[in-house]
Structures are given as C-alpha cells and as structure tokens.
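Working notes for the structure below.
The values are calculated or read from the model by the stated rules, or taken from the named source; none is laboratory data. The structure displayed is predicted, hence computed values, not measured ones. Virtual Cβ from ideal backbone geometry, glycine too; neighbours counted across all protein chains shown. Heads up: the accessible areas ignore ligands, DNA and RNA and are worked out on the full protein's heavy atoms, side chains in. Shrake-Rupley method; radii C 1.70, N 1.55, O 1.52, S 1.80 Å.
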Amino acid sequence: MRVAMIGTGYVGLVSGACFADFGHEVTCVDKDAGKIEALKRGQMPIYEPGLSDLVGSNTRAGRLKFTTELAPAVSEANAVFIAVGTPSRRGDGHADLSFVHEAAREIAAALEGFTVVITKSTVPVGTGDEVERIIHETRPDCECAVVSNPEFLREGAAIRDFKLPDRIVVGTDNARAREIMSEIYRPLYLNRSPILFTDRRTAELIKYAANAFLATKITFINEIADLAEKVGADVQEIARGIGLDNRIGSKFLHAGPGYGGSCFPKDTLALLKTGQDNEAPLRIVEAVVAVNDARKRAMARKVSAALQGEVRGKTVALLGLTFKPNTDDMRDAPSIPIVTALQDMGAKVRAYDPEGMEQAKQFVTDVTFCRDAYDCAEGASALVVVTEWEQFRALDFERLKSIMQRPVLVDLRNIYRPEDVARHGFVYESVGRTRKV
Ligand SMILES: NC(=O)c1ccc[n+]([C@@H]2O[C@H](COP(=O)([O-])OP(=O)(O)OC[C@H]3O[C@@H](n4cnc5c(N)ncnc54)[C@H](O)[C@@H]3O)[C@@H](O)[C@H]2O)c1
C-alpha cells in the first residue's frame with residue numbers, strides 16, 4: 001500500500017514509521033520545514049523510546065520518506081491519513097478543527113484515482129461528514145471514501161502500542177475503503193489485534209468515550225486518595241484491592257497530581273461541548289474536569305503543608321516536568337500549574353527533567369533548570385517528585401540530606417515507601433497515604 005501521512009507529529013511520525021515497518025510505502029508530510037529537514041538528517045523532533053531506530057531502518061530501506069510537499073504524496077497514495085493537531089479552541093474548549101479542515105482542502109485538490117482519506121486525529125462526532133463535504137466541494141469529481149480510524153497509542157510506549165494494539169477501530173460503511181483498511185492493518189490482525197468495524201460517527205465517539213473513561217478512572221482514585229488521607233487508609237492498597245476485580249481492572253488507578261498531557265484535558269473538554277451541543281450533557285465528565293483542574297494547585301498546598309506553611313523565600317526542587325515519563329511532551333503537564341502555584345506562594349523553583357526541559361522553557365518562567373536530581377536538590381527546602389522517571393526511583397537519601405536545606409520529600413507519584421524514607425530522617429508526604437512521619 002502507498003500511504004501518505006499528513007502531519008508528522010507524535011501520532012503521524014509513529015504511525016508512519018510503523019506502517020513503513022509493516023512493509024507499506026509511506027510518505028510523511030508536514031508544513032513545518034524545520035521538522036522535515038531534521039527528519040531527513042535522521043534527527044527526531046520528539047523523544048520517544050525506539051523511534052529513532054525505527055525511522056532510521058525504514059528510511060534506509062526506502063519505505064519511509066519525509067516531505068513538505070503534500071500534493072505528490074497524496075496523488076500517489078491509496079490511503080491518506082490526517083494526523084494533524086486538534087487542540088482546544090481558545091475561549092470555548094471546542095476542538096479546533098481548522099488544521100483538519102485545511103488538510104482536507106489540500107488533500108482534495110491533489111487526489112487522483114480512488115483514495116481512502118482517513119482521519120486519525122481525534123475529532124468530534126460529525127467531523128468525517130464535514131471532511132467529506134469539504135472534499136466534494138473542492139473536487140466534485142473525485143472518487144474517495146472518508147474513514148475514521150482513531151489512534152489509541154500512549155506517548156512513552158507509542159511503538160509498542162501501535163504494533164500491539166488492544167484493538168483497531170475503523171469507522172466506514174464503504175466496502176472498498178474497508179478492504180484497503182484491512183490491507184493496511186493486515187500485519188496486526190495476523191497478530192490477533194481485533195479490528196472493530198463500525199460506522200464513522202460511532203468510531204469518532206469511541207475515541208472520546210475511551211479517553212473520558214480513563215480520565216474518570218484516574219480522577220476517581222485521586223478523590224479516593226484524598227479521603228484515604230483523611231481517614232487513615234492507604235490508597236495504594238485500595239487500588240490493588242479494587243483493581244484485582246476483573247470488572248474494574250488495575251490500570252489507571254494510580255493516585256497522583258491529576259491527569260495532564262496532550263490528550264485527556266482537551267478531549268474531555270471537547271466531549272463536554274459535544275454533549276452540550278446535542279442536549280446530552282455528560283455530568284460525570286463535567287465533574288471529572290472540575291475535580292482534576294482543582295487538583296494541581298492542591299498539590300502545591302501539599303508542598304506547603306510539608307513545610308508547615310513556610311514557603312515564601314524557600315527553594316522548592318521539582319523532579320520531573322513532563323506529564324508522564326519517557327516523553328518530552330509538556331502539553332498540559334500538571335507541573336505547569338504546580339510551578340505557578342508554588343511561585344504564587346513565594347517559592348523559588350528549581351527543576352530537573354531528563355528529557356522535557358527544552359519544551360518546559362516554553363511553558364514556565366523564572367525556573368532554574370538543573371543538570372540532574374542532585375543539582376536540583378541543592379539548597380532546597382523541599383524536593384517534589386512530580387513525574388516518576390525511572391532515575392528518580394532510587395535516590396541517594398544521605399547525599400540529598402547533605403545538600404538540602406531541609407530533608408523534606410513530597411512524592412506526588414507514591415514511588416517510595418513511607419517507612420524507607422523516614423528511616424533516612426526525611427519528612428515525607430505522598431498521595432493518599434496517611435502521613436507517617
Ligand atoms: N499525542 C498523542 O499521544 C495522541 C494519541 C492519540 C491521538 N492523538 C491525536 O492525534 C492528533 C495529532 O496529535 P499529535 O500529538 O501528533 O500532534 P502534533 O502537534 O505533535 O503534530 C501535528 C503536526 O501536524 C502538522 N500539520 C498541521 N497542519 C498540517 C497540514 N495542513 N499539512 C501538513 N502538516 C500539518 C503540524 O506542523 C504538526 O507537526 C490529535 O488530534 C491528537 O488528539 C494524539
């Protein structure tokens with residue numbers, strides 16, 4: 001199959017590289033000439049484990065190409081994927097579809113022969129109808145089918161997720177499109193990943209329902225964590241105790257500073273808007289969004305509590321800034337409002353993140369960026385684990401104690417056991433576990 005991938009961001013680049021690895025001929029297109037030039041030189045625009053090798057081997061094999069020229073890539077393709085961004089629209093929280101619509105117009109002008117146009121971007125119900133309308137308005141003569149194929153990969157584990165998905169969702173009622181989609185994903189369902197064929201609107205809504213459900217699960221355990229702290233229970237054990245029930249499942253039950261990242265915040269908001277527009281308000285998701293928003297500043301208050309309210313003029317050191325480990329993505333990371341709240345309280349903030357510091361500079365100000373965890377902890381009155389990067393899981397507490405102003409650890413990811421930290425003479429605060437020291 002000849003595939004054109006429009007948008008070479010997290011999703012477009014990973015999907016394009018994986019499709020090439022399946023044996024398809026893939027051209028990744030992006031408007032960002034700097035990104036394309038870097039990719040041609042073998043430099044990855046994002047940090048994602050394994051991506052550089054996958055892109056390198058498929059580029060050398062001649063199956064993966066990069067260009068800023070959309071038209072030739074589209075005219076040769078059997079399948080054109082739209083993988084451009086769909087951020088929150090400023091002001092109202094609706095998904096901003098301007099990139100999708102623009103891509104549809106450009107694709108329409110270049111289509112030749114029967115082509116499947118697939119929306120991989122996360123888009124509200126009815127976007128496929130609009131893409132189809134735009135294409136037919138621009139090119140009434142063209143033969144094409146517009147399909148929804150939402151992407152479920154997780155940053156940090158994106159290649160594995162793409163190659164071993166729990167399911168592939170394809171929304172279309174066009175038989176030729178179904179055949180082409182089956183051919184594109186054939187290597188995966190030979191590996192027994194189920195392909196779920198639905199109508200287009202259902203596929204579009206599956207993506208939002210999945211993200212809203214996961215965001216709800218996280219927010220649920222976060223509220224249980226708050227209650228556990230008040231009543232002297234342990235949220236880790238509660239999560240295990242409920243997660244072993246197959247009807248509930250153990251994933252996404254880790255209490256922490258609230259969900260963030262490039263998807264859940266914007267997708268939950270966009271789903272609320274779709275609900276309101278269709279007079280089917282989603283009260284549970286509304287509560288999830290509100291609870292999660294309030295949570296991040298509450299985490300800064302947790303730091304303040306560990307310092308007995310004496311934050312002004314003190315140095316607070318943050319370990320981890322990205323919304324989760326193994327990515328450099330800072331979009332809607334919980335660290336951003338946590339930094340602001342600590343600065344509002346008068347703290348001086350130092351921070352270290354293994355991959356995200358360059359990105360972080362665009363989102364926070366007046367932060368001292370450090371070389372490593374120990375450089376970060378130097379002179380700090382509190383050390384805060386914000387993102388659970390592997391390298392923060394076995395810190396040398398004696399060394400930390402010798403360089404910090406005060407031995408205070410606030411562990412927002414529960415990566416330590418209270419008794420272990422206490423043994424080193426630290427004041428320790430975590431999430432959903434009663435303060436033991
Ligand atoms: N990041 C994730 O983990 C993830 C997971 C599942 C789904 N999604 C969804 O996938 C979509 C893309 O997300 P992302 O994180 O990859 O976004 P991104 O911002 O990293 O990448 C989008 C890319 O599209 C390019 N672009 C925009 N308009 C273009 C055009 N007309 N022609 C060519 N290139 C164009 C931009 O320059 C950018 O490089 C979003 O809808 C997102 O919700 C993301």
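Would you mind telling me the share, in percent, of accessible area of region 350-433 contributed by carbon and sulfur at probe 1.4 angstrom? Provide the component values of the computation, followed by the final result.
Values: 1510 of 3660 Å².
That share works out to 41 percent.
Within 9 Å, Cβ to Cβ, of residue 253, how many net charges do the neighbouring residues add up to if Lys/Arg are +1 and Asp/Glu are -1?
Details: positive: 217, 240, 251; negative: none.
Result for the neighbourhood of residue 253: +3.
Of interest is the spacing of the C-alpha centroids, which for region 1-79 and region 269-317 amounts to 37 Å. Mean projected area of the convex hull spanned by the Cα atoms of region 307-393, taken over all viewing directions: 5.1 nm². Mean-square fluctuations from a GNM of the chain, with a 10 angstrom spring cutoff on Cα atoms, peak among 218, 242, 36 at 242. Legend: Rg and Dmax of region 74-182, from Cα coordinates, 14.3, 42 Å.
Per residue, what accessible area does the chain have, given a 1.4 Å probe and all protein chains present, in Å²? Kindly include the intermediate steps, with their values, before the conclusion.
Values: 19380 Å² over 437 residues.
Spelled out: the 1.4 Å probe surface of the chain, per residue, equals 44 Å².
Can you bin region 97-139 into rounded, prolate or oblate? Criterion: square roots of the alpha carbon gyration tensor eigenvalues sorted a ≥ b ≥ c, rounded for a/c under 1.5, prolate for a/b above b/c, oblate for the rest. Prolate, since a/c reaches 1.5 and a/b exceeds b/c.
Please report the carbon-and-sulfur percent of the accessible area for region 181-227; probe 1.4 Å, protein heavy atoms only, DNA, RNA and ligands left out.
63
All Cα-Cα separations within region 267-413 were binned at 10 Å from zero, giving a P(r) of 12, 39, 30, 13, 6, 1, each value a whole percent of the pairs.
DSSP finds beta bridges in the chain, and of those with both partners inside it, around 5 percent are antiparallel.
When a/c is below 1.5 the answer is rounded, else prolate if a/b is larger than b/c, else oblate, so apply that to region 1-113 with a ≥ b ≥ c taken from the square roots of the Cα gyration tensor eigenvalues.
On the way: a/c = 2.01, a/b = 1.26, b/c = 1.59.
Oblate is the answer for region 1-113, as a/c is 1.5 or above yet b/c matches or exceeds a/b.
Computed with the Debye formula from one identical point scatterer per Cα of region 194-337, without solvent, the log10 of I(q)/I(0) at q = 0.18 Å⁻¹ comes to -1.20. May I ask for the distance between the Cα centers of region 322-348 and region 106-181, given as a whole number of Å? A separation of 34 Å, based on Cα centres. Straight-line reach from residue 348: taking Cα to Cα under 25 Å and skipping same-chain neighbours fewer than 8 places apart, the lysines in range are 296, 302, 314, 324, 361, 401.
Rounded to whole Å, the principal axis extents of the Cα atoms in region 1-55 read 28, 24, 18, largest first. The simple Förster model, with R0 at 60 Å and r as the Cβ-Cβ distance, assigns residue 278 and residue 419 a FRET efficiency of 0.70. Fully extending the segment from residue 89 to residue 390 would add 104.9 nm, taking 0.36 nm per residue of separation and subtracting the current Cα-Cα distance.
Grab the other residues whose beta carbon is less than 14 angstrom from that of residue 337, score K and R as +1, D and E as -1, and report the net. Computed value for this residue: +3.
Sorting the Cα pairs of the chain by distance into bins of 10 Å, from 0 upward, gives 4, 20, 28, 24, 15, 7, 2, 0 percent per bin. Model label points for residue 52 and residue 112, set 7 angstrom from Cα along the Cα-to-Cβ axis, are 3.7 nm apart. Net charge of the neighbourhood of residue 275, taken over other residues with C-beta under 10 Å away and scored Lys/Arg +1, Asp/Glu -1, is -1. Remark on the chain: 18, 28, 142, 144, 263 stand apart, with no other cysteine beta carbon under 4.7 Å.
Students often get this wrong: which residues of region 172-189 have the backbone nitrogen under 14 Å from the point 7 angstrom along Cα-to-C-beta of residue 199? Zone members listed by number: 172-174.
Given only helices, namely DSSP H runs of n ≥ 4 each adding -39500 (n - 2.57), what is the per-residue ellipticity at 222 nm of the chain, to the nearest 500 deg cm²/dmol?
Details: 17 runs with 196 residues, N = 437.
Value at 222 nm, helices only: -14000 deg cm²/dmol.
Does region 40-90 come out rounded, prolate or oblate by the C-alpha gyration tensor, with a ≥ b ≥ c the root eigenvalues, rounded set by a/c under 1.5 and, if not, prolate when a/b is larger than b/c and oblate if not?
Working: a/c = 2.25, a/b = 1.13, b/c = 2.00.
Oblate.
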